[in-house]
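Q: A single structure is presented below for examination.
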Amino acid sequence: MNYNILIVISIVICAIISLFISYYLALFIVGESSSFFKAVQLIIAVISMTTFYAPIKHILIKFMNLNEDESENK
């Protein structure tokens, strides 16, 4: 599998996880009727995306047996 496709897959997985986490955490913190709901949801989504991206990418690289050094040589 190509390294770039692996990165796209990890971004999509991370985005889906962040969507659910940010929605329910923002719903718990401020409530959906609050005017700050979308702002809080955005902040939580950015934080969770930066938190979960590297571990998901690392797990996918190990699962697919892909070396990062090989992908840079192509």
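Q: Under 15 Å from the mean Cα position of the chain (by Cα), without any contact (Cβ under 8 Å) to a residue 24 or more places away in the chain and closer than 21 Å to residue 6 by Cα: does that describe residue 43?
A: Values: under 15 Å from the mean Cα position of the chain (by Cα): yes; without any contact (Cβ under 8 Å) to a residue 24 or more places away in the chain: yes; closer than 21 Å to residue 6 by Cα: no.
So residue 43 does not fit the description; no.
Q: I need a count of the residues in the stretch 24-40 that are open to solvent by less than 70 Å² (accessible area, probe 1.4 Å) and without any contact (Cβ under 8 Å) to a residue 12 or more places away in the chain.
A: Keep residues of the stretch 24-40 that are open to solvent by less than 70 Å² (accessible area, probe 1.4 Å), which gives 26-27, 30-31, 34, 37, 39-40.
Now drop any that are not without any contact (Cβ under 8 Å) to a residue 12 or more places away in the chain, which leaves 27, 30-31, 34, 37, 39.
Of the residues in that region, 6 qualify.
Q: Enumerate the pairs (first residue in the stretch 55-74 and at negative phi; second residue anywhere and at pLDDT below 85 and outside any helix (DSSP H, G or I)) with beta-carbon separation below 7 Å, excluding pairs fewer than 6 apart on the same chain, so at least 6 apart or on different chains.
A: 64/1; 66/1
Q: For residue 20, state whether it is open to solvent by 60 Å² or more (accessible area, probe 1.4 Å) and closer than 14 Å to residue 52 by Cβ. First the steps, then the outcome.
A: On the way: open to solvent by 60 Å² or more (accessible area, probe 1.4 Å): yes; closer than 14 Å to residue 52 by Cβ: yes.
Answer is yes for this residue.
Q: Can you pull out every residue in the stretch 46-64 that is over 14 Å from residue 6 (Cβ atoms) and either open to solvent by less than 30 Å² (accessible area, probe 1.4 Å) or touching a Gly at 6+ places or on another chain (Cβ under 6 Å) (or both)?
A: Listed by number, the list holds a single entry, 48.
The values are calculated or read from the model by the stated rules, or taken from the named source; none is laboratory data. Since the structure is predicted, the reported quantities are computational estimates derived from the model, not experimental observations. Cβ atoms come from the backbone with ideal geometry, glycine included; neighbour counts cover every protein chain shown. Please note that ligands, DNA and RNA were not included when accessible areas were found on the heavy atoms of the full protein model with its side chains. Shrake-Rupley method; radii C 1.70, N 1.55, O 1.52, S 1.80 Å.
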